[in-house]
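Colleague: Okay, here's the structure, questions in a sec.
The values are calculated or read from the model by the stated rules, or taken from the named source; none is laboratory data. Since the model is a prediction, treat every value here as computed from it, not as a measurement. Here the Cβ positions follow ideal geometry from the backbone for every residue, glycine too, while neighbour counts run over all protein chains shown. Ligands, DNA and RNA are excluded from the accessible area calculation, which covers all protein heavy atoms including side chains. Shrake-Rupley method; radii C 1.70, N 1.55, O 1.52, S 1.80 Å.
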Amino acid sequence: QVQLVESGGGLVQAGGSLRLSCAASGRTFSSFRMGWFRQAPGKEREFVAGGGAYYADSVKGRFTISRDNAKNTVSLQMNSLKPEDTAVYYCAADRPPYTGSLYSPSGYDYWGQGTQVTVSS
């Protein structure tokens, strides 16, 4: 079993930055495919970033995903935030053999509890 715990969410003004972190349990973290998703009220959960360095078009050039296998963590640096980035952000993990799509929530086996990001205009 894998547990994921996100942190770093909060309230920020448009144009500001936040850094989300996700701490994972388990000794095989380095083999997991990791991703970040978000879900705004009334909308479906959507892909934000994942894999080596794949990004949704809406965040390209503003968000950066990184991981530290020694610390079992994956982070999402979010710059130039916009009000439309407001959502609950989720960390997700997929074990090998990665049968699902990188871009779909159904492609991941484990999820964190989510962290709220609110961007004010």
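Colleague: Which of the residues that make up segment 21-37 are open to solvent by 60 Å² or more (accessible area, probe 1.4 Å) and assigned to a loop (DSSP other than H, G, I, E, B)? Steps first, please.
Modeller: First, the residues of segment 21-37 that are open to solvent by 60 Å² or more (accessible area, probe 1.4 Å): 27-28, 30.
Hits for segment 21-37 are R27, T28.
Colleague: Restricting to segment 8-20, and then to whatever is open to solvent by less than 40 Å² (accessible area, probe 1.4 Å) and assigned to a strand (DSSP E or B), can you tell me which residue is nearest to N79 (Cα to Cα)? Can you show your working first?
Modeller: From segment 8-20, those open to solvent by less than 40 Å² (accessible area, probe 1.4 Å) are 8-10, 12, 16, 18, 20; that's our starting set.
Still in the running and assigned to a strand (DSSP E or B): 10, 12, 18, 20.
Numbers: G10: 14, V12: 11, L18: 7, L20: 11 Å.
Looking at the filtered set, the residue picked out is L18.
Colleague: Please enumerate the residues belonging to segment 38-52 that are at negative phi and assigned to a loop (DSSP other than H, G, I, E, B).
Modeller: A40, P41, K43, E44, R45, G52
Colleague: Return the residues of segment 8-26 that are closer than 15 Å to R38 by Cβ and aliphatic (A, V, I, L, M); say none if nothing qualifies.
Modeller: Listed by number, the residues that qualify are V12, L18, L20.
Yes/no per residue for (1) touching a His at 6+ places or on another chain (Cβ under 8 Å); (2) part of a strand (DSSP E or B); (3) over 16 Å from A40 (Cβ atoms):
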| position | (1), (2), (3) |
| --- | --- |
| S80 | no, no, yes |
| V88 | no, yes, no |
| A92 | no, yes, yes |
| T99 | no, no, yes |
| Y103 | no, no, yes |
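Okay, residues lined up against (1) farther than 30 Å from S121 by Cβ; (2) within 14 Å of the chain's Cα centre (by Cα):
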position	(1), (2)
S17	no, no
G51	yes, yes
S66	no, yes
Y98	yes, no
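Colleague: Give me the residue from segment 90-121 that is open to solvent by 40 Å² or more (accessible area, probe 1.4 Å) and touching a Gly at 6+ places or on another chain (Cβ under 7 Å) and, out of that set, modelled with the highest pLDDT.
Modeller: Result: Q116.
Conditions (1) under 21 Å from G107 (Cβ atoms); (2) surrounded by 14 or more Cβ atoms within 10 Å (Cβ to Cβ), marked per residue:
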residue: V48; (1), (2): yes, yes
residue: G52; (1), (2): yes, no
residue: G61; (1), (2): no, no
residue: N69; (1), (2): yes, no
residue: L81; (1), (2): no, yes
residue: E84; (1), (2): no, no
residue: V88; (1), (2): yes, yes
